[in-house]
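Here the structure is laid out as structure tokens; the discussion comes afterwards.
Please treat every number below as a calculation from the coordinates, not as lab data. Treat the numbers as computed from the prediction; the structure is a model and nothing was measured. Here Cβ is always computed from backbone atoms with ideal geometry, including for glycine, and neighbour counts include all displayed protein chains.
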Amino acid sequence: MKEDRRSPFRDAQTDRSTARGVPETPQSRSPSYKLAFADEDFLLRDELRPVRLQLELLKPEMLMAERQITSTIVMFGGARIPEPSQKHKARTQTLAELSQYYEEAREFARLMTEKSKESGCRENVIVTGGGPGVMEAGNRGAHEAGGCSIGLSIVLPHEQAPNLFVTPELSFNFHYFAIRKMHFLMRARAITIFPGGFGTMDEMFESLTLIQTGRMGRVPFLLFGRAFWEKVINWEALADAGTISAEDLDLFRFVDTAQEAVEIIENWEPAPPRDTIPGR
């Protein structure tokens, strides 16, 4: 969307169109003649990495700001968790059993989006990684509620398109994991973690670390599936060893159902960022 400009100078789009129409000569065909901002090969040079980092931060930020999205509900979770009707295709019996969390994610997103619609899809908008599994369930629940949702995809070595339930105008694609993670948390009013693997744990621990160290304010931090998370991570052992403090175990809560999670978020008392780190 081309916005009104206050500047009296010619805009970049006009000059790009003009430059494309110049007569072909050895000089105009040379890569050096291309306008820098319209030269993809130039923008992909290693020296331009700082510019690309800035662009990946700026593009989604501008598009979400244009839609006046002020807060999001983050949903992290495994890409391999199937919906219940497909659990017979799961690679392991455990994955098949975890399909219940596909439905919980779907229901949670539906419930949160019913409330989000009241703000015109500006507050508490569901955001996922845009892929399959739990991510698909989150976008699907929002879609079924008649609302919008965000998908923050990442380019992977294997071909993968966004799931079909992401709102198309809010479907973003990233090269840099770090910038993608920033967009997950910049507007986060709550963070939910469903069963998953390395990627889910990476996102969970990085988010927890930001809250633990006071780099981010306290928000509801909800781990779906107590049995799963207590089996794969010995939280108490971390506290007993002193590598985290006992108070750090209060930074998150376990839930098993969508309704539990919604109630915690709705009754959450805002808390400022930590100004000290217990146990240090």
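Count the net charge of all other residues whose Cβ sits under 12 Å from the Cβ of residue 186, scoring Lys and Arg as +1 and Asp and Glu as -1. Kindly include the intermediate steps, with their values, before the conclusion.
On the way: positive: 180, 181, 187, 189; negative: 61.
Every neighbour counted, the sum reads +3.
For segment 80-86, backbone phi angles converted through the Karplus equation (6.51, -1.76, 1.60; θ = phi - 60°) give residue-by-residue couplings of 8, 6, x, 6, x, 5, 10 Hz, Gly and Pro being listed as x.
Among 181-188, 158-165, 73-80, the peptide with the highest mean count of other Cβ atoms within 10 Å heads the list, and the full ranking is 73-80, 181-188, 158-165. Between residue 237 and residue 161, the C-beta separation translates, for a Förster distance of 41 Å, into a calculated FRET efficiency of about 0.55. Spin-label model, residue 59 to residue 210: label points 7 Å out along the Cα-to-beta-carbon direction sit 2.1 nm apart. Under the simplified labelling scheme, the residue 16-residue 177 pair shows an inter-label distance of 3.1 nm, with each label point 7 Å from Cα along Cα→Cβ. Each peptide in 130-139, 107-116 receives the mean, over its residues, of other Cβ atoms within 10 Å, and ordering these scores from highest gives 130-139, 107-116.
Could you rank the peptides 14-22, 255-263 by their average count of other C-beta atoms within 10 Å per residue, with the highest value first?
Values: 14-22: 10.9, 255-263: 17.7.
Taking the mean over residues of other Cβ atoms within 10 Å, the ranking is 255-263, 14-22.
Taking Cα atoms only, the orientation of helix 100-116 departs from the longest principal axis of the chain by about 60 degrees. Net charge in the neighbourhood of residue 166 (other residues with Cβ under 11 Å of its Cβ; Lys, Arg +1, Asp, Glu -1) is -1.
Inter-label distance, residue 230 to residue 66: 4.8 nm, where each label sits 7 Å from its Cα along the C-beta direction. Take every DSSP beta bridge whose two residues both sit in the chain; close to 5 percent of them are antiparallel. Can you give the angle from 0 to 90° between the axis of helix 198-212 and the longest principal axis of the chain, with both taken from C-alpha atoms, to the nearest 10? Helix 198-212 sits at roughly 80 degrees to that axis.
Nothing charged except the Cβ atoms of Lys and Arg (+1) and of Asp and Glu (-1): what's the magnitude of the dipole of the chain about its Cα centre? Round to the nearest 20 debye. Intermediate values should be presented prior to the final figure.
Working: 34 positive and 40 negative charges, 174 e Å.
Roughly 840 debye for the chain.
So, counting K/R as plus one and D/E as minus one, what does the shell of residues with Cβ under 14 Å around residue 235 add up to?
Numbers: positive: 226, 231, 253; negative: 230, 236, 240, 247, 248, 250.
My count for the surroundings of residue 235 gives -3.
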